[in-house]
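Asks: Take a look at the following structure, please.
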Amino acid sequence: MRLSRSSAWALLPLTVLLAAAGYRHAPTAATPPVADFTQGIITTRVSLPGNPYDKLLNRIDPTKGNIQGQIQQLAASLTVTEQQQFQAAAANLSPAMTIGALMLPRKGTLYCRGKEVRATTDALTYHLENYFNNATNKGLLRIASQSVPQNVNYTYDAASVERSWQSIVVTTTDYTVRPTTETELVAGYPSQKTTYTIKPGAAGSTPEGPGQLPSKPVALDVWTSKQIPQSLNFAHPVYVNEANGITRLVVYFDKERKQQMRYEFTNVQAKPVTDQDLKVTTTAPVLDYAKDAAQIGMKTMALMFGGGPKASSNSDE
């Protein structure tokens with residue numbers, strides 16, 4: 001973890017006094033270079049800074065079950081003043097950001113070994129696991145309801161899902177790209193910042209109506225690390241053509257930059273990853289995205305927006 005700026009300034013007076021008194025101490029050893037990440041476990045976090053739902057929903061743990069009960073308990077714990085403050089802030093929020101707050105998988109884990117990655121995450125309404133092999137460009141995805149025994153399992157290749165997964169595509173045609181010299185440690189890895197700003201007149205750069213956001217973000221700040229494989233960028237809903245691995249991504253949806261989404265690595269652990277760590281356990285049927293895209297899309301939307309239809313005799317269909 002990097003030393004905060006306030007902590008660094010707090011140490012300055014003592015340093016000056018020691019130097020004035022003639023103290024000599026051994027030179028500080030240079031920070032050893034960070035090794036390239038090839039295998040281990042990465043934890044991630046997604047947040048919506050400034051979104052009134054963000055702090056509240058972060059207090060709910062989908063893995064504990066009974067989401068409805070947790071929400072009711074949370075609502076009951078708010079004071080009248082807190083409720084009024086929340087309602088006032090929510091009234092200024094776009095519908096898209098409200099839905100995003102409710103559907104967002106806030107914490108994730110990446111199990112990485114060479115060309116193989118398994119990502120797992122939990123949102124309020126669904127649990128998702130995604131295995132991808134960069135050597136074959138093929139993967140296996142499972143999404144399951146948090147409330148009813150419903151799930152969807154399917155295999156895919158990268159080309160077949162690229163357009164449907166990448167809801168936001170950032171290209172140099174629409175955005176001005178400015179690499180910066182600004183660097184920061186993100187989860188212990190030196191990362192360099194690049195800014196993306198949408199060009200005037202680019203398609204999707206203006207809101208379609210009052211209270212709505214543009215279909216494309218107005219700007220992005222992207223941090224990348226040479227030590228993180230570029231192949232890990234496949235899981236992002238925002239596609240940015242960066243040569244190195246993205247460790248932090250901040251997306252701004254309005255000109256005032258008040259409505260935003262932040263994705264970042266929170267911890268990187270270099271350690272052996274087993275076959276079991278990379279395994280996605282599925283139940284029949286396992287569909288094929290290239291053949292069953294429409295069916296998969298309908299079932300996935302049903303799961304994400306409330307848990308899907310009532311369980312039938314085959315609860316996995």
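Asks: What number of residues within segment 158-176 are assigned to a strand (DSSP E or B) and modelled with pLDDT of 90 or more? Can you show your working first?
Replies: Step one: list which residues in segment 158-176 are assigned to a strand (DSSP E or B), which gives 168-170, 175-176.
In the following step, the residues that additionally are modelled with pLDDT of 90 or more were identified as 175-176.
So the count comes out to 2.
Asks: In segment 172-187, which residues are within 25 Å of residue 269 (Cα to Cα) and buried (at least 17 other Cβ atoms within 10 Å of the Cβ)?
Replies: Taking segment 172-187 as the starting set, the residues that turn out to be within 25 Å of residue 269 (Cα to Cα) are 182-187.
If the condition is that a residue be within 25 Å of residue 269 (Cα to Cα) and buried (at least 17 other Cβ atoms within 10 Å of the Cβ), then 186, 187 are the ones that fit.
Asks: Continuing with this model, one more query. Return the pair list, or none, for Cβ contacts closer than 6 Å from residues in segment 71-89 that are in contact (Cβ under 8 Å) with a residue 24 or more places away in the chain to residues that are part of a helix (DSSP H, G or I), at least 6 apart or on different chains.
Replies: Matching pairs, first to second residue: 86/52; 89/52.
Asks: Looking only at segment 251-272, count how many residues are β-branched (Val, Ile, Thr) and surrounded by fewer than 20 Cβ atoms within 10 Å (Cβ to Cβ). Break it down stepwise before answering.
Replies: Of segment 251-272, the ones β-branched (Val, Ile, Thr) are 251, 266, 268.
Restricting the remaining residues to those that are surrounded by fewer than 20 Cβ atoms within 10 Å (Cβ to Cβ) gives 266.
Result for segment 251-272: 1.
Asks: Among residues belonging to segment 192-216 that are in contact with a Gly (Cβ under 9 Å, 6 or more places away or on another chain) and either at pLDDT 90 or above or of a type in the set (D, E, K, R) (or both), point out the one that is farthest from residue 253 (Cα to Cα).
Replies: 198
Asks: Can you name the helices (runs of 4 or more DSSP H) wholly within segment 41-150 that have at least 2 residues being farther than 24 Å from residue 261 by Cβ? Walk me through how you get there before you give the answer.
Replies: Numbers: elements: 52-57, 67-77, 80-91, 95-103.
The helices (runs of 4 or more DSSP H) meeting that bar are 67-77, 80-91.
Asks: Quick check on my filter: what residues within segment 79-110 are more than 21 Å from residue 236 (Cβ to Cβ) and surrounded by 13 or more Cβ atoms within 10 Å (Cβ to Cβ)?
Replies: Within segment 79-110, the subset more than 21 Å from residue 236 (Cβ to Cβ) is 79-95, 98.
Once the filter is applied, which keeps residues that are more than 21 Å from residue 236 (Cβ to Cβ) and surrounded by 13 or more Cβ atoms within 10 Å (Cβ to Cβ), segment 79-110 yields 85, 86, 89, 90, 93, 94, 98.
Asks: State all residues of segment 219-231 that are modelled with pLDDT of 90 or more and either over 16 Å from residue 194 (Cα atoms) or β-branched (Val, Ile, Thr) (or both); if no residue qualifies, say none.
Replies: Selection gives 222, 224, 227, 228, 229.
Asks: May I pose another question? Select from segment 120-149 the residues that are in contact with a Ser or Thr (Cβ under 7 Å, 6 or more places away or on another chain), under 18 Å from residue 289 (Cα atoms) and in contact (Cβ under 8 Å) with a residue 60 or more places away in the chain and list them in ascending order.
Replies: Residues satisfying the conditions are 129, 134, 140, 142, 143.
Asks: Restricting segment 215-250 to residues that are small (Gly, Ala, Ser) and over 17 Å from residue 204 (Cα atoms), which is surrounded by the most Cβ atoms within 10 Å (Cβ to Cβ)?
Replies: Looking only at segment 215-250, we keep the residues that are small (Gly, Ala, Ser), and these are 215, 219, 225, 231, 235, 243, 245.
The next check asks that each one be over 17 Å from residue 204 (Cα atoms); those that pass are 225, 231, 235, 243, 245.
Working: 225: 25, 231: 17, 235: 17, 243: 7, 245: 22.
Once the filter is applied, the top-ranked residue is 225.
Asks: Could I ask something else about it? Would you please name the residue that is modelled with the highest pLDDT, looking only at residues in segment 273-301 that are crowded, with 16+ Cβ neighbours inside 10 Å and touching a helix residue (DSSP H, G or I) at 6+ places or on another chain (Cβ under 7 Å)?
Replies: In this case the residue turns out to be 287.
The values are calculated or read from the model by the stated rules, or taken from the named source; none is laboratory data. In this text, all values refer to a predicted model and were calculated from it rather than measured experimentally. Here Cβ is always computed from backbone atoms with ideal geometry, including for glycine, and neighbour counts include all displayed protein chains.
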